[in-house]
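The values are calculated or read from the model by the stated rules, or taken from the named source; none is laboratory data. As the structure is a prediction and not an experimental result, all values here were calculated from the model. Ideal geometry is used to build each Cβ from the backbone, glycine not excepted, and the neighbour counts take in all protein chains shown. Areas reflect the complete protein model, heavy atoms only, side chains present, ligands, DNA and RNA absent. Shrake-Rupley method; radii C 1.70, N 1.55, O 1.52, S 1.80 Å.
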Amino acid sequence: MYRVNEDYLKLPGSYLFSTIGKKSRAFKEAHPEADVISLGIGDVTQPLVPAIIKALHEAVDDMSRAETFHGYSPDLGYSWLRETIAKNDYADRGCSISPDEIFISDGAKCDSGNIQELFAADSRIAVCDPVYPVYVDSNVMAGRTGSYDPETGCWSDVIYMPCTEENGFVADLPKERPDLIYLCFPNNPTGVAIKKDQLQKWVDYALENGCVIIYDAAYEAYISEEDVPHSIYECAGAKECAIEIRSFSKNAGFTGVRLGYTVVPKALKCGGASLRDMWARRHGTKYNGAPYMIQRAGEACYTEEGRASIRGLVDYYMENAATIYDGLKGMGYTVYGGVNSPYIWLKTTGGMTSWEFFDYLLKNAGVVGTPGSGFGPNGEGFFRLTAFGTHENTQAALKRIAAL
Ligand code: MLT
């Protein structure tokens, strides 16, 4: 009899956002009259901007003519997109990243789940707690996390770095030495950003201790404060110790289009092994690239018109963030995030657990959010709301919460 990868069987429950989807659907079935507003998963609601739609149409037309038709994309992605990214996202911010250190993909979620394949099976991972569940779950599937304790919600072989009100939701350096450190800033779920001098400490620690930082910068477009780094490569030495993952989902609204990229610098070496060459080998073997049309849409994000419209999208969602943040604060809630991020992290009230608050809000206000404990034990007692709704729904949700 064949055997399955038993590490999958260790995963408790379903993926966080699948569980939330299931619960919301069950509620809607039981209450067909209810007008449920979803501020749960960080999924965008505004349409693609005209510059992107135009690029998509043109690229579709390209595919209709033999002279401009495109088959398989190059392993790393089209050079015109990688060059545009290297210039706009890095050179213009004073970071030198070459186009052949950039790998185009169909999104940050896949890259952040797959990147662990580059590392030894017995690597120790360190994660912030609370944390985006993909980092932990993908390492569970790879057999790297030991056993799960349902009492504590922790894996025996994972190093958890608590993010609490006391440390401003920016973890302290780990007490035990990990091999891989997952960091996400601006943070999902807490919405908190990291200052450049704070991030430099992580880079210095990784260099001194022989660790790799997997830096998820999917929410970079939401940074509004001056001293917050947009890329980890703004820190000295980061090219020797960090991989950076970026997304087009949250800035350009590509959650349903799918495009992202990962930077693996050539300077990132482990003995004689180049992580950049290993990731290139993986791309060549396991991936056939994001579609030509989608990569053209990605390129359009960097034109003058594309950039201006995307700025408009980000501003739109940040207006929602302010509506939620100020609204909840005015009602007496304790709230965090929302300044450099589309996520608002609030403390539950009345001694409710995160899941009790989820049920309470759904039942009494018809609003779906994300329970903090779904992101890790230190998320217990907290709740996440996303600013990615429409203005109308966001305002309506706040009115309903105020009326509770
Ligand atoms: C979230 O809600 O945390 C994100 O939308 C999930 C994702 O980007 O995969």
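Looking at TYR336, TYR287 in this structure, which one is over 23 Å from VAL36 (Cβ atoms), among the aromatic types (Phe, Trp, Tyr) and in the same structural domain as ALA217 (by TED's automatic domain parsing)? Just one listed residue meets the conditions, TYR287. Keeping to the stretch 60-82, report how many residues are part of a helix (DSSP H, G or I), out of contact with any Asp or Glu (no Cβ under 8 Å at 6 or more places or on another chain) and open to solvent by less than 50 Å² (accessible area, probe 1.4 Å). Residues flagged as part of a helix (DSSP H, G or I), out of contact with any Asp or Glu (no Cβ under 8 Å at 6 or more places or on another chain) and open to solvent by less than 50 Å² (accessible area, probe 1.4 Å) within the stretch 60-82 amount to 1.
Name every residue in the stretch 258-270 that is outside any loop (DSSP other than H, G, I, E, B) and either open to solvent by less than 70 Å² (accessible area, probe 1.4 Å) or outside the structural domain of ASN114 (by TED's automatic domain parsing) (or both), in order of residue number.
Passing the criteria: GLY260, TYR261, THR262, VAL263.
Looking across the stretch 92-115, the residues that are away from the ligand (no atom under 16 Å from the Cβ) and either part of a helix (DSSP H, G or I) or among the hydroxyl-bearing types (Ser, Thr, Tyr) (or both) come down to ASP92, ARG93, SER96, SER98, PRO99, ASP100, GLU101. Just one residue in the set SER96, SER18, SER38 is open to solvent by 50 Å² or more (accessible area, probe 1.4 Å), in the same structural domain as GLY284 (by TED's automatic domain parsing) and at negative phi; that residue is SER96.
Per this entry, THR255 is counted among residues that are within 16 Å of the ligand (Cβ to nearest atom), among the hydroxyl-bearing types (Ser, Thr, Tyr) and open to solvent by 10 Å² or more (accessible area, probe 1.4 Å). On inspection, GLY289 does not qualify as free of Cβ contacts under 8 Å to residues at least 60 places away in the same chain and assigned to a loop (DSSP other than H, G, I, E, B). When we screen ILE243, ILE213, ILE232 for residues that are in contact with a Ser or Thr (Cβ under 8 Å, 6 or more places away or on another chain), more than 22 Å from LEU48 (Cβ to Cβ) and not charged (D, E, K, R), the only hit is ILE243.
Entry remark, the stretch 297-306: residues being open to solvent by 60 Å² or more (accessible area, probe 1.4 Å) and in contact (Cβ under 8 Å) with a residue 24 or more places away in the chain number 2 in total.
If you filter the stretch 168-195 down to residues that are free of Cβ contacts under 8 Å to residues at least 40 places away in the same chain and open to solvent by 40 Å² or more (accessible area, probe 1.4 Å), you find that the one that is farthest from THR145 (Cα to Cα) is LYS195. Residue by residue through the stretch 1-59, note down the ones that are within 30 Å of SER156 (Cα to Cα), within 25 Å of the chain's Cα centre (by Cα) and not in a helix (DSSP H, G or I). Residues satisfying the conditions are LYS10, LEU11, PRO12, GLY13, SER14, TYR15, GLY40, ILE41, GLY42.
The single residue among GLY350, GLY366, GLY372, GLY379 that is of a type in the set (Gly, Ala, Ser), over 14 Å from PHE17 (Cα atoms) and within 16 Å of the ligand (Cβ to nearest atom) turns out to be GLY379. If you go through the stretch 280-300 and pick out every residue that is of a type in the set (Ser, Thr, Tyr) and farther than 18 Å from PRO99 by Cβ, you end up with 1.
For every residue, the table says whether it meets (1) at pLDDT below 95; (2) touching a Lys or Arg at 6+ places or on another chain (Cβ under 8 Å); (3) over 30 Å from SER147 (Cα atoms).
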| site | (1), (2), (3) |
| --- | --- |
| TYR15 | yes, no, no |
| VAL49 | no, no, yes |
| HIS57 | no, no, yes |
| TYR78 | no, no, yes |
| ILE102 | no, yes, yes |
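Considering the conditions (1) under 24 Å from ASP89 (Cα atoms); (2) open to solvent by less than 40 Å² (accessible area, probe 1.4 Å); (3) in the same structural domain as SER105 (by TED's automatic domain parsing), ALA273 is excluded by exactly one of them, (1).
Would you please name the residue that is least open to solvent (accessible area, probe 1.4 Å), looking only at residues in the stretch 217-250 that are of a type in the set (Ser, Thr, Tyr) and more than 16 Å from the ligand (Cβ to nearest atom)?
Step one: of the stretch 217-250, the residues of a type in the set (Ser, Thr, Tyr) are 219, 222, 224, 231, 233, 247, 249.
Now drop any that are not more than 16 Å from the ligand (Cβ to nearest atom), which leaves 224, 231, 233.
Details: SER224: 77, SER231: 0, TYR233: 21 Å².
Out of the qualifying residues, it is SER231.
Do any residues in the stretch 39-56 that are among the aliphatic types (A, V, I, L, M) have Cβ atoms under 6 Å from those of residues that are in a loop (DSSP other than H, G, I, E, B), where the two are at least six apart or on different chains, and which pairs are they? Close Cβ pairs (under 6 Å, with a partner that is in a loop (DSSP other than H, G, I, E, B)) amount to LEU39/GLY369; LEU39/GLY389; VAL44/GLY253; VAL44/THR255; VAL44/PHE388; LEU48/GLY253; ALA51/THR303.
Residue count for the stretch 186-206 satisfying the condition of being more than 14 Å from the ligand (Cβ to nearest atom) and not aliphatic (A, V, I, L, M): 9.
Given VAL170, VAL127, which one is modelled with pLDDT of 95 or more and within 16 Å of the ligand (Cβ to nearest atom)? Before you say what the answer is, go through the steps one by one.
Working: VAL170 fails: within 16 Å of the ligand (Cβ to nearest atom).
Testing whether each residue is modelled with pLDDT of 95 or more and within 16 Å of the ligand (Cβ to nearest atom) leaves just VAL127.
Among residues of the stretch 196-224 that are without any contact (Cβ under 8 Å) to a residue 60 or more places away in the chain and among the polar types (S, T, N, Q), those with a Cβ under 9 angstrom from a residue that is assigned to a helix (DSSP H, G or I) and crowded, with 24+ Cβ neighbours inside 10 Å, sequence gap 6+ or separate chain, pair up as GLN200/ALA238.
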